[in-house]
Amino acid sequence: MKALIPAAGLGTRFLPATKAMPKEMLLVVDRPVIQYVVEEGLASGADEVVIISSHGKQAIEDHFKPDDALVRLLRERGKDDRADAVHHAGNLPVSFVYQNEPLGLGHAVHCAADLTADESFFVLLGDVIVPSYDMLNRMKVISDEHGGANVIAVMPVPKNKVDRFGVIAGEEVGKNVWKVSGLVEKPSVRRAPSNMAVFGRYLLSPRVMELLATTEPGTGNEIQLTDALQTVLDEEDMYALVVDPEEGFDTGTVDTWLDTNNRLYARRSAR
Ligand code: G1P
């Protein structure tokens, strides 16, 4: 099973910091944002992480390549902990596919279609770090309990913020579990079916990948993953795991990235 991480965005909110460096390489405490997301994907039991990148983001690939010369040099100098960290990053099972045009999240995910084959797959959006690394496993349990159903993570948000997210319709069927009956991408506050926002962690069936091939552009004139999820509801079940806002650390804006650094650093220092 693969874990897909779309990472083809321009990083506009961080310019000029992201002019020459991909936003996925921004530092959070001691490693780039994307390394947390890759490690979380692997902690779910996925055998490989596929990063959907765009050309001009060579630094991400370099980060995940082995660098034996550097490891050797660090060991010679007695810096074994740094050598271990460099070895670890360079030997994670990561591969790359490319999105050549920014046509939307749904399109980005579909760029990995040849790699997921006929298997279910995870999608992890990189703007949010989940340091506990256990959310995908909880989603897998729900999927297994319901015959391999699609499962997405959702988070309650204040009603006036729903227009920034995908939002679900549905009903609670268990503790922190909803059965999803509909999804809409970035609805107006008035038309939002709930305040449960799609959080950026998905466990999806091969049928969703198929549907993405023919999903038309939607909100923002982009091919939306949310729209393919709405379509698959005609054929397959979908459940939502309600997660606590405290479980995710947002890195999508300068303010939230700084705040995440401060909070995770404080947490590490307290250990
Ligand atoms: C994407 C998804 C949206 C989801 C959000 C979570 O939107 O399309 O459904 O709620 O991520 O962060 P984006 O933030 O890329 O506009």
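The values are calculated or read from the model by the stated rules, or taken from the named source; none is laboratory data. Keep in mind it's a predicted model, so treat the numbers as computed, not measured. Every residue, glycine as well, gets a Cβ built from its backbone with ideal geometry; the counts of neighbours run over all protein chains shown. When the accessible area is computed, the model is the full protein with side chains, heavy atoms only, and any ligands, DNA or RNA have been set aside. Shrake-Rupley method; radii C 1.70, N 1.55, O 1.52, S 1.80 Å.
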Note to self: Within the range 129-142, does at least one residue satisfy the condition of being at pLDDT 95 or above, hydrophobic (A, V, I, L, M, F, W, C) and over 14 Å from the mean Cα position of the chain (by Cα)?
What the structure shows: yes
Notebook entry, point to check: Residues that are open to solvent by 10 Å² or more (accessible area, probe 1.4 Å) and more than 25 Å from G56 (Cβ to Cβ): which strands (runs of 3 or more DSSP E) entirely in the range 102-184 hold 1 or more of them?
Noted result: 150-156, 166-174
Next item on the list: Would you mind finding the one in K79, K19, K65 that is of a type in the set (K, R) and touching a helix residue (DSSP H, G or I) at 6+ places or on another chain (Cβ under 7 Å)?
Entry: K65
Notebook entry, point to check: Do the conditions hold for E247, that is, is it closer than 26 Å to T260 by Cβ, among the acidic types (D, E) and either surrounded by 21 or more Cβ atoms within 10 Å (Cβ to Cβ) or touching a residue at least 24 places away in the same chain (Cβ under 8 Å) (or both)?
Noted result: yes
Checklist line | Candidate set from the range 185-218 (those that are charged (D, E, K, R) and open to solvent by 30 Å² or more (accessible area, probe 1.4 Å)); member that is nearest to the ligand (Cβ to nearest atom) | finding: K186
Next item on the list: Determine which single condition R267 fails, assuming it passes every other condition in (1) surrounded by fewer than 18 Cβ atoms within 10 Å (Cβ to Cβ); (2) modelled with pLDDT of 95 or more; (3) closer than 29 Å to P22 by Cβ.
Entry: (2)
Check: Restricting attention to the range 70-86, does a residue exist that is part of a loop (DSSP other than H, G, I, E, B) and either in contact with a Gly (Cβ under 8 Å, 6 or more places away or on another chain) or within 21 Å of W257 (Cα to Cα) (or both)?
Finding: no
